[in-house]
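The next block holds one structure in the form of structure tokens; read it before the comments.
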Amino acid sequence: MSAPDGPALLTLEDVHAAYGPVAALAGLDLAVRPGELVCLIGANGAGKSSTLRAISGLLRAGRGRIVFDGREIGGLEPAEILRAGIAHCPEGRRVFPHLTVDENLAMGAYVRRDRRAVTDDLERVCEHFPILAERRRQMAGTLSGGEQQMLAIARALMARPRLMLFDEPSLGLAPTVVETTFGIIADIRRRGTTVLMVEQNAYLALRMADRGYVMETGRIVLEGPAAELLANDHVRRAYLGG
Amino acid sequence: MNGLVLGGTYALLGIGLTLIFGLMNVVNFAHGEFYTLGAYAAFATLAGLGGGFVAAVLGAIVCGALLGGLTERVLLRPLRGESIDTTMLVMIGVWIAMQNAELLVWGGVAKSIPHPFPTEPLVLGPVAIAPLRLFVMALAAGLIAASYLLIHRTKLGRAMRATFQDAETAALMGVKIARIHTVTFAFGSGLAAAAGALLGPVFLAYPSMGDLAALKAFSVVILGGLGNLPGATLGGLLLGIAEELGAGYVSSGYRDAVGFVIIIVVLLFRPSGLFARQERIG
């Protein structure tokens, strides 16, 4: 699949961020165009999750610009960034274990004021994820890992985002569930939502992405169309195991 | 019967404290002072303004919630992320400051809070109960029910529970954590003040009345388990009934001791609380 052209939906320019004295991002540049599926790969601790956390406002960028849809969002509260149209599906799923499936989904729509549309979306999401529809009154903590992943994705969709951030969607899931999850992500993109994904499984991620970025120690060291990265020697050696 | 009167107000105290402790990880040593504040607010409404008993309780809740919200906003919010010891010291400071302020304003002499109920007990079959106590019990039950509805049936309550379970993910959903903390502290303080307004007319109002109440509230939280609303409710009722039975069958001098004996026994055998399944709110 070729990447759509046009101005970027999300741009990060020279972004720096740190956890206390430990630098996490050291001059990061990255762009995502509307309709793209972009993946970010790299070793543990390279700063992939920090990148997503900086975008969604959980980690304050100390320097640099983060622009979404022509508007500077660096330094905004997570609530405002979500309202602007960016939803973050966090690593490890992080569903609220003692809330029901329905309540978890409602939390996804927490910033929305259009109550009737939220109710419609809730029904639509349940149609889309029949496994959740059967368990709407069940505590999320009692779901299996795969079901929790569905719930985490559905919850993020409840915000009606234009850009979705996925952090390690395959982590800790059985291979068949990973396949389902990636199918859902591809489907979300097909329906017009732009996707930026961080993924440990570089091969799977690059196979379905349009473009990829390779991160090392807080900055981008390589970028290009996913097919080129898959064929790149450095990428093959470092991240694809051969 | 009297056990339920005490128990209902203990439950209110416990719910307030367990919410604050569970959600904010703040050990609120000043909790008892909001109870005292509630009693004096009720005194002011009933004796000073000539309002009714329901108005007195509502006035107390409003006072408690406002001062509680202010305390959180001014003293605790800047300390978010600090260790639990720091906030504990701050709350001890608030406790001392509030108690001395009460002493300054109301004086050290215990005040009897006037109430509009007849003192003649109502006899219902085998039990006799003062109308005031019956009314206190009904209001306490109503407030407990209202707290449940707030926590379990409203968007705000859902956000509070989500924040308790995973604050960072709640923030990702757009929940303003700082605001949830202020609301929670105001809510908990309002409940403590309600308890003070309810029990004040049954006993007496004096500046250090909150100390014992705070101890009772901590006991209830220990009984029920951290952040456990049903636990706090049942723990409160249990403590109230146990004290009343202890006072009746052993000696009224041992009323407070009975409660603490129970706490020690619970801590020995079920250290995470009688009703603990897991850490939870709601």
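None of the figures in this text is laboratory data; all of them are computed from the coordinates on show. The model shown is predicted, which means the values in this text are computed figures rather than measured ones. Cβ placement follows ideal geometry from the backbone for every residue including glycine, while neighbour counts extend to all protein chains displayed.
Rounded to the nearest 10 degrees, the angle from helix B:255-269 to the longest Cα principal axis of chain B is 40 degrees.
Kirkwood hydrodynamic radius of the range B:146-282, from the reciprocal of the average inverse Cα-Cα distance over all distinct pairs: 16.5 Å. Computed from Cα atoms, the angle from the helix B:155-165 axis to the main principal axis of chain B rounds to 70 degrees. For A:ALA209, the shell of other residues with beta-carbons less than 12 Å away shows a net charge of -2, using +1 for Lys and Arg and -1 for Asp and Glu. Packing, as the average of other Cβ atoms within 10 Å across residues, places the peptides B:161-167, B:98-104, B:37-43, B:207-213 in the order B:37-43, B:161-167, B:207-213, B:98-104, highest first. Couplings 3J(HN,Hα) for the range A:205-215, derived from phi with the Karplus relation 6.51 cos²θ - 1.76 cosθ + 1.60 (θ = phi - 60°), are 5, 5, 5, 9, 7, 7, 9, x, 10, 10, 10 Hz, where x marks Gly and Pro. For A:ALA23, what is the net charge nearby, where nearby means another residue's Cβ is under 12 Å from its Cβ and Lys, Arg count +1, Asp, Glu -1? In short, +2. Mean sequence separation of contacting Cα pairs (under 8 Å, at least six apart), scaled by the length of chain A, corresponds to a relative contact order of 27 percent. Sort the protein assembly as shown into rounded, prolate or oblate with this rule: let a ≥ b ≥ c be the square roots of the eigenvalues of the Cα gyration tensor; rounded if a/c is under 1.5, and if a/c is not under 1.5, prolate when a/b is larger than b/c, oblate otherwise. Prolate.
Partner chain Cβ atoms within 10 Å, averaged over the residues of B:160-171 - can you pull that number for me?
On the way: counts 0, 5, 8, 1, 2, 8, 7, 0, 5, 12, 5, 7.
What the average comes to for B:160-171 is 5.
I'd like the mean, over residues of A:95-107, of how many other protein chain beta carbons sit within 10 Å of each residue's own Cβ.
Details: counts 3, 10, 4, 12, 6, 1, 0, 0, 5, 4, 0, 5, 11.
So the per-residue partner count for this stretch is 5.
Exposure proxy shown here: for A:ASP121, A:ASP29, B:ASP85, the number of other Cβ atoms within 10 Å sets the order, fewest to most, as B:ASP85, A:ASP29, A:ASP121.
Ranked by how many other Cβ atoms sit within 10 Å of their own Cβ, fewest first, the residues B:ILE262, B:ILE241 fall in the order B:ILE241, B:ILE262. For the range B:2-207, compute Rh as the Kirkwood radius over C-alpha pairs and then the Stokes-Einstein diffusion coefficient at 20 °C and 1.002 mPa s; write the answer in µm²/s, rounded to an integer. Once the numbers are plugged in, D ends up at 122 µm²/s. The Cα center of the range A:136-196 and the Cα center of the range B:17-43 differ in position by 41 Å.
Sequence-distant contacts, meaning Cα pairs under 8 Å at least 6 residues apart, place the relative contact order of chain B at 38 percent.
Rounded, prolate or oblate for the range B:2-67? Axes are the square roots of the Cα gyration tensor eigenvalues, ordered a ≥ b ≥ c, and the cut-off for rounded is a/c under 1.5.
Numbers: a/c = 2.68, a/b = 1.57, b/c = 1.71.
The shape class here is oblate.
Counting Lys and Arg as +1 and Asp and Glu as -1 over every other residue whose Cβ lies under 15 Å from the Cβ of A:ALA117, the net charge comes to +3. In terms of surrounding Cβ atoms within a 10 Å radius of their Cβ, B:LEU150, A:LEU165, A:LEU58 rank from fewest to most as B:LEU150, A:LEU58, A:LEU165.
Give the range of the longest stretch in chain A that excludes all trypsin sites (Lys or Arg not before Pro) found in loop regions by DSSP and having at most 14 other beta-carbon atoms within 10 Å.
Values: sites that count: A:ARG60, A:ARG113, A:ARG136, A:ARG137, A:ARG191.
The segment A:1-59 is the longest one with no such site.
The angle between the Cα long axis of helix B:177-199 and the main principal axis of chain B comes to about 10°, on a 0 to 90 degree scale. Counts of other chain beta carbons within 10 angstrom of each beta carbon in peptide A:69-79 average 2.
Structural descriptor for the range B:43-149: relative contact order 22 percent, calculated from alpha carbon pairs under 8 angstrom and at least 6 residues apart.
In order along the range B:144-149, the Karplus-derived 3J(HN,Hα) couplings, from 6.51 cos²θ - 1.76 cosθ + 1.60 at θ = phi - 60°, round to 4, 4, 5, 4, 4, 4 Hz, and Gly and Pro are given as x.
Between the alpha-carbon centres of the range B:133-164 and the range A:45-122 there is a gap of 29 Å.
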